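Every read-out reported here was derived from the displayed coordinates using simple, explicitly stated rules and does not represent laboratory data. As the structure is a computational prediction, the values presented were derived from the model and not from experiment. Because the Cβ atoms are built from the backbone with ideal geometry, glycine has one as well, and the counts that use them run over all protein chains shown.
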Amino acid sequence: MLEEEYNPRRRVPRRPRPSSVPPLEEEFRYELRAATERDIPYLLEIYNHYVANSTVTFDEDPLTLKEMREKFRLVAKLGYPWIVAVSPSGQVLGYSYVTPWKAKAAYRFTVENSIYLGPATTGKGLGTALMAATLEQAKAAGIKEVVAVIADRGAEASIKLHERFGFRQIGHMGKVGFKFDRWLGTVLMQRSLK
Ligand SMILES: CC(C)(COP(=O)(O)OP(=O)(O)OC[C@H]1O[C@@H](n2cnc3c(N)ncnc32)[C@H](O)[C@@H]1OP(=O)(O)O)[C@@H](O)C(=O)NCCC(=O)NCCS
C-alpha cells in the first residue's frame, strides 16, 4: 500500500477567485482652504520629505519649524496666498504659496511660487487645483508677475504643471547647484497675471 493511502492527502482550502469586477477606485477627495498656523508642522513634514529625498529643492538640511513659521508669517503679513489641500479627515495633502521675488522695492509686483504635495498625492490633479487657486488669489492680491525656479533634473511634473498654466521658460542656469554628488541647474519660468 502506498503511504498516501494511509494518510489521505490534506485538502488545501481553495483560494478565493479574483473577481472579474475590479474594485471601485476610491474617489480622491479634498478641499482647498487658506493655510493656518496649525498646519505648519504638516507643511514642514511635506517639504522636508523633498529636502531629504529629491533635487526639486536645493535645500540640503531640513527646514526647522521656526524657519517655516517665519516664511508663513511673512506671506500672511503681505496678504499673499498660502493654500492647503486637505483630505475629508483633515489631513494636509499639499500646499502652494507665493513669496516676494526679491526684497528691492521695484520688484513689489513680482513673486516666486512654490508648490509641494505629499508623495502619496502626486499625479492626481491636485497640483493643478492648487496652482489655479494660487494664481487666482495672487492676482486678487495685486501680483502682476509670477516666477518659478525649477530644478532642471527630477522636476518634470513641476515643469509640466507650470507649462499647463501658461508659464513660459525664460531662462536656464546650468550647474548652479550641487546636491547628492551631482551638479544641477535651474529652469526659470514666468507667467503674467495682468
Ligand atoms: C509638481 C507637483 C506639484 C505637480 O502636481 P501633481 O498633482 O502631481 O500634477 P497634476 O496631476 O496636476 O499634473 C500636472 C501635469 O504634470 C504631469 N505630471 C504629473 N506627474 C508627472 C511626472 N511624474 N512626470 C512627468 N509629468 C508628470 C501631468 O501629466 C500633467 O501634465 P498635463 O497637463 O500635460 O497632463 C507635484 O507632483 C509635486 O508636489 N511634486 C513634488 C514636489 C515638487 O516638485 N514641487 C515643485 C518644486 S518647483
Quiz item: If the cut-off is a Cα-Cα distance under 20 Å, which lysines reach residue 77, setting aside same-chain residues fewer than 8 apart in sequence?
Solution: 66, 102, 104, 139, 144
Quiz item: How much length is gained on full extension from residue 140 to residue 64, taking 0.36 nm per residue of separation minus their Cα-Cα distance?
Solution: 24.3 nm
Quiz item: What is the spin-label model distance, in nm, from residue 77 to residue 156 if the labels are put 7 Å beyond Cα along the C-beta direction?
Solution: 4.1
Exercise. Before rounding to the nearest 500, sum -39500 (n - 2.57) across all DSSP H runs of length at least 4 in the chain and divide by the residue total; then give [θ] at 222 nm in deg cm²/dmol.
Key: -9000 deg cm²/dmol
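Can you give the extra length, in nm with one decimal, that the chain gains between residue 38 and residue 109 once fully stretched, where that is 0.36 nm per residue apart less the Cα-Cα distance?
Numbers: separation 71, 0.36 × 71 = 25.56 nm, distance 2.86 nm.
Fully extending the segment from residue 38 to residue 109 adds 22.7 nm.
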